[in-house]
Amino acid sequence: MIKSFRFLKPYFGWVILIFILVALRAVMTLALPALLGELINDITSSSLTETEKYQSLMTNGLLMLGSTIIGIVAILFSGYLESRVSSAYGIDLRNALYSKVQTFSLNEMDKFTTSSLITLTTNDIQSLQMMLAQLMRSVIMAPIMAVGGIVMAFVLSPNLTVFLFISVAVIILFLTILLLVVMP
């Protein structure tokens, strides 16, 4: 599996761009609750005049709208690039597999059935493509959302953050153990 990542080398720049777009999406998603909280605090504040409340509503509303639009654009472009990169990766992998099979001797060819070669070039490579697309999305998104969520919780309530941090640590430990057991 790890050896197949060498086929990503020609697309390294695109992978970096995907990571940047996914990170941008995560940041924009995390910005929405903070902006909404500020908006609610301003609108329910008795110390602000109606004009100041309206100004806060417009400012925070436009910032939320802008954050949402930027997030949507990042989702669209990253999804498009993920599918392009994973498809190109699959094509390169299939071509390399086909070239490798062409070099087999007759003895080596007898070890494989036609159906196993067809399965290898379709289902297995398609599984690798889907795994790659999911990996490009979640490798960046999950850590940013976890760290951003913990930071935002700490800003709101430091006492609550201790429980959240322990919960996230337990989940990470559980997932690590699960991955170590499941991976061959």
Cβ-based net charge around Leu48, under 13 Å, with every Lys or Arg adding one and every Asp or Glu removing one: -3
Net charge within 12 Å of Ile140 by Cβ-Cβ distance, Lys/Arg positive one each and Asp/Glu negative one each, not counting Ile140 itself? +1
Could you check which residue among Leu32, Leu57, Leu106 shows the biggest mean-square fluctuation in a GNM of the chain with a 10 Å Cα cutoff? Leu106
Segment 14-78-segment 100-170 distance, computed between alpha-carbon centres (Å): 29
Most positive-pole-ward Cα, Ser56, Ile40, Asn95, against dipole of the chain from beta carbon charges: Asn95
Report ³J(HN,Hα) in whole Hz for each residue of segment 168-178, in order, from the Karplus equation J = 6.51 cos²θ - 1.76 cosθ + 1.60 where θ = phi - 60°; Gly and Pro get x. 5, 4, 5, 5, 4, 4, 4, 5, 5, 4, 4
Please compute the length gained on full extension between Arg84 and Ser116, using 0.36 nm multiplied by the number of residues separating them and subtracting their Cα-Cα distance. 8.8 nm
In whole Hz and in residue order, list the ³J(HN,Hα) couplings for segment 5-13 that follow from phi through the Karplus curve 6.51 cos²θ - 1.76 cosθ + 1.60, θ = phi - 60°; x for Gly and Pro. 5, 5, 6, 8, 3, x, 10, 4, x
Over segment 94-184, how many percent of alpha carbon pairs lie in each 10 Å bin up to the one with the longest distance? 13, 26, 22, 17, 12, 8, 3
Would you count, across the chain, every pair of lysines whose alpha carbons are under 23 angstrom apart, provided the pair is eight or more residues apart or spans two chains? 4
All alpha-carbon distances of segment 2-182, grouped into 5 Å bins from 0, give the whole-percent distribution 1, 7, 11, 12, 12, 13, 11, 9, 7, 5, 4, 3, 2, 1, 1, 1, 0, 0
Over the chain, calculate the relative contact order: mean separation of alpha carbon pairs under 8 Å at least 6 apart, over the residue count, as a percent. 30
Relative to the longest principal axis of the C-alpha atoms of the chain, give the angle of the C-alpha long axis of helix 50-102, reported between 0 and 90° and rounded to the nearest 10°. 10
Charged-residue dipole, Cβ positions (Lys, Arg, Asp, Glu), segment 2-182 about Cα centre, Debye nearest 20: 640
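Where a number appears in this text, it was derived from the coordinates with a stated rule and is not lab data. It should be emphasised that the depicted structure is a prediction, and the values quoted were computed from it without experimental measurement. Every residue, glycine among them, receives a Cβ derived from its backbone with ideal geometry; neighbour counts consider all protein chains shown.
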